[in-house]
Amino acid sequence: MKRFSRSVIGLVMMVIIAYSCNSGSGNKMIGTWKAADVKIDFDEQMSSPEMLKQVAEREKQTYLNFVNDTVLNIVTGENTYKAFWVMDEKTGLINYRFDDAGVSMNELGHYVDKTIVASSSTPLGTITITYKKEK
């Protein structure tokens with residue numbers, strides 16, 4: 001009887017540990033995220049409507065593949081870049097880095113209402129991309 005109790009207790013502990021390791025921000029992020037909306041606010045004197053269209057189309061081809069709670073693949077056209085990511089649960093800020101050492105972090109965007117909102121400034125203006133997770 002003691003042997004059976006130990007086995008049951010051991011099994012319950014393993015299930016609890018496995019569940020606790022898999023909970024958190026990682027689970028809601030894992031999967032493929034594609035650009036649902038691209039907003040471009042460029043200086044009209046320095047850009048043409050055709051340029052804005054090209055920039056928007058290029059950004060829509062970029063997608064994010066969160067492999068697990070630390071690895072992110074950034075796919076742009078035919079190129080895939082492996083990165084390591086972390087999210088601040090309180091602010092929703094997602095940062096990534098390309099090296100394992102974590103010396104240089106880059107801001108990806110904010111997790112807001114089941115979307116990732118990424119904004120970047122360029123010499124011509126601002127690009128804001130809203131990513132949504134594919135089902």
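The values are calculated or read from the model by the stated rules, or taken from the named source; none is laboratory data. Since the model is a prediction, treat every value here as computed from it, not as a measurement. Reconstructed Cβ throughout: ideal geometry from the backbone, glycine too, with neighbour counts over all protein chains shown.
Would you call LEU72 surrounded by 12 or more Cβ atoms within 10 Å (Cβ to Cβ), within 23 Å of LEU124 (Cβ to Cβ) and among the aliphatic types (A, V, I, L, M)?
Answer is no for this residue.
The set of residues in region 86-114 being in a strand (DSSP E or B), more than 23 Å from ILE40 (Cβ to Cβ) and either free of Cβ contacts under 8 Å to residues at least 24 places away in the same chain or of a type in the set (Lys, Arg) (or both) consists of VAL86, ASN95, ARG97. Looking across region 53-62, just one residue is surrounded by 15 or more Cβ atoms within 10 Å (Cβ to Cβ) and either closer than 16 Å to TYR111 by Cβ or acidic (Asp, Glu) (or both), and that is GLU59.
Within region 23-53, the set of residues being of a type outside the set (Lys, Arg), over 22 Å from TYR96 (Cβ atoms) and modelled with pLDDT under 90 comprises PHE42, ASP43, GLU44, GLN45, MET46, SER47, SER48, PRO49, GLU50, MET51, LEU52. Enumerate the pairs (first residue in region 42-60 and without any contact (Cβ under 8 Å) to a residue 24 or more places away in the chain; second residue anywhere and aromatic (Phe, Trp, Tyr)) with beta-carbon separation below 6 Å, excluding pairs fewer than 6 apart on the same chain, so at least 6 apart or on different chains. Going by the 6 Å Cβ cut-off, there are no qualifying pairs. Of all residues in region 106-119 being over 14 Å from LYS28 (Cα atoms) and surrounded by fewer than 14 Cβ atoms within 10 Å (Cβ to Cβ), which is modelled with the lowest pLDDT? Selected residue: ASN106.
The condition of being assigned to a strand (DSSP E or B), under 18 Å from ILE30 (Cβ atoms), touching a residue at least 12 places away in the same chain (Cβ under 8 Å) and over 11 Å from the mean Cα position of the chain (by Cα) holds for LYS82. Restricting attention to region 1-22 and to residues that are polar (S, T, N, Q) and surrounded by fewer than 10 Cβ atoms within 10 Å (Cβ to Cβ), the residue that is modelled with the lowest pLDDT turns out to be SER20.
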